[in-house]
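Throughout, read-outs are computed from the coordinates displayed, never taken from laboratory work. Nothing here was measured: the structure is a model prediction, and the numbers come from that model. We place every Cβ from the backbone using ideal geometry, glycine too, and count neighbours over all the protein chains shown.
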Amino acid sequence: MKAVTLAWFRQDLRLQDHSMLVEAVRLGQPLVPVYIHAPAEAGGWPTGGASSWWLHHALHSLQAELAAHGLPLVIRHGPSLAALQAIANELNSAGLAVATVLFSRLYEPAAAARDALIRQALQDDGIEVKVFNASLLIEPEQVRNQSGKPFRVFTPFWKHLRTLPLETPVHTRTSALLAPAKVPRSESIDSLGLLPRIAWDKEFPRHWDPTLAGAANALHTFVKHAVGSYREQRNVPGVEGTSRLSPYLHWGQLSPRQVWAAVHAAGEQDGSGGHTFLSEVAWREFACHLLQHFPDSPEQAMKPAFRTFPWQLDEAQLLAWQQGQTGYPLVDAGMRQLWQTGWMHNRVRMVVASFLVKHQLQPWQEGARWFWDTLVDADLASNTMGWQWVAGCGADAAPYFRIFNPVTQGEKFDPQGDYVRRFVPQLARLPAQFIHQPWLAPQAVLAAAGVTLGKNYPLPVIDHRAGRERALAALAENKLRQRN
């Protein structure tokens, strides 16, 4: 029998800087690329709606790139082990023996546990298994503090990361990838049911190009035009001052090594913008580092004291937040941007998250679940770290008593209301002095702007001072619980 190699794609949907494919070239055997859809194996975190939209198009892009090199992409439904074994059996029946299965490492707890079982089962079947890093600059186990323990504070993590030798992107000789003589049957990408049945995603194509070409263009555009001003512009939601690379990184259409190398190649790594941006790439590494060492963190506060926090779950409050109907323009603009585009500006993410867990006193897990379903860049490690940071219950978290004022945040970072006017058009004609607190506008000003509070734009769901005082009271109550 002639030996073949299986390359199992997951969150590494690219051809370049891909150690798995470099190894496939080195082995010199015909290659069978495989993608397996197995949401039941996600441990309660199957790909959300917006991220599924991205995955659908990313798979079509990968399929086209592979086809250009004469390679099919074999699509199957899970369970993953059964699908891999079925493909191996089909090839065996055609006189082809699967000698090696290659895949890149995943770090979500459920995926990591599943992969360990699959690796052992395939080895028991006499198949060699090789696992690679495709998602990080460096593996979590390689980053330890002086006591040999995982870091829990970002700054020393970042300082230590910069002392480590980082690998440069590797080149895949795609022309050397060999197609098999027999191609196993494949299901269609459409059969995976990744696109929504109701077209809530209709605006997404205006904002995103979820392809490999789109990934390359986004990186080039950011490094050429925006990285130099990143430090100053990243907090201004009304301008295109961030990289918007996160969904490409999550699905592996870009690798962090490619991003790191592009910033260095442009000579921007030591500038304030480049340095700040690379620290954000390191935050992504830190999030994965934490998830690896604290696998319960997607559901449970890392700080035990916050596991008894007196949240006041209220479906009406949660729905007002989800729909961008809180009566606070910056919060509502962020939530509407999220629904319309599948993404939200990072500064605004902090503001809306703070509003939910502090002013509205809703559990951070509810916010994390909503983001998970509505973000095209939904990533379990980053999403978990972000929400625990805002809620004050995670590693290196902002203290819970740090409560963002959504009005002053708007006045500081969106002073003319450009961002609010774009996503809350009901307020577009308000003067800048009232755009972030329309309830203070005189009735004549509201009427001239076509705003009727309580009708075409809501009154605040809670007064800022009352929300702040209630949040601090809940914090005090929780501290008392810990003493008792």
Order the peptides 114-121, 366-373 from the highest to the lowest mean number of other Cβ atoms within 10 Å of their residues.
-> 366-373, 114-121
State the Cα centre-to-centre distance between the range 104-120 and the range 409-484 in whole Å.
-> 45 Å
Per-residue HN-Hα couplings for the range 200-210, Karplus 6.51 cos²θ - 1.76 cosθ + 1.60 at θ = phi - 60°, whole Hz, x for Gly and Pro?
-> 6, 8, 4, 8, 4, x, 6, 10, 9, 10, x
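Once the other residues with Cβ under 9 Å from the Cβ of A305 are scored (Lys, Arg +1; Asp, Glu -1), what is the net sum?
Working: positive: K303, R307, K479, R481; negative: none.
My count for the surroundings of A305 gives +4.
Viscosity 0.890 mPa s, temperature 25 °C: give me the Stokes-Einstein translational D for the chain in µm²/s, with Rh taken as the Kirkwood radius over C-alpha pairs. Write down the numbers at each step before the final one.
Working: Rh = 24.2 Å.
The diffusion coefficient I find is 102 µm²/s.
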What nm value, rounded to one decimal, do you get for the distance between S229 and N217 when each label is placed 7 Å out toward the C-beta?
-> 2.2 nm
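Please sort 254-266, 450-462 by packing, taking for each peptide the average over its residues of neighbouring beta carbons within 10 angstrom, highest first. Spell out each step's value before the answer.
Values: 254-266: 20.2, 450-462: 15.2.
The most tightly packed comes first, giving 254-266, 450-462.
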Return one number: the angle in degrees, 0 to 90 and rounded to the nearest 10, between the long axis of the Cα atoms of helix 464-483 and the longest principal axis of the Cα atoms of the chain.
-> 60 degrees
So who's got an amide H within less than 5 Å of the one on N145, skipping anything under 5 residues away but keeping other chains? H placed 1.01 Å off N, in plane.
-> F151
Karplus (6.51, -1.76, 1.60) ³J(HN,Hα), θ = phi - 60°, over the range 16-32, in Hz, Gly and Pro reported as x = 9, 6, 10, 4, 4, 6, 4, 5, 4, 4, 4, 5, x, 9, x, 10, 10
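Sort 190-203, 387-400 by packing, meaning the average of other beta carbons within 10 Å per residue, with the highest value first.
Going by the mean number of other Cβ atoms within 10 Å, highest first, we get 387-400, 190-203.
So which of K149/K303; K202/K224; K159/K358; K202/K358; K202/K455; K412/K455 end up more than 22 Å apart, counting from Cα to Cα? If you can, show how the numbers build up before the last one.
Details: K149/K303 17 Å; K202/K224 30 Å; K159/K358 32 Å; K202/K358 33 Å; K202/K455 26 Å; K412/K455 28 Å.
Where the Cα-Cα span goes over 22 Å, the pairs concerned are K202/K224; K159/K358; K202/K358; K202/K455; K412/K455.
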Excluding W339 itself, calculate the net charge of residues whose Cβ lies under 13 Å from the Cβ of W339, where each Lys or Arg counts +1 and each Asp or Glu counts -1.
-> -2
For the chain, what is the mean residue ellipticity at 222 nm derived from helices alone (per DSSP H run of n ≥ 4: -39500 (n - 2.57); sum divided by total residues; nearest 500 deg cm²/dmol)?
-> -13500 deg cm²/dmol
The local net charge around V420, scoring Lys/Arg +1 and Asp/Glu -1 for residues other than V420 whose Cβ lies under 9 Å from its Cβ, equals -1
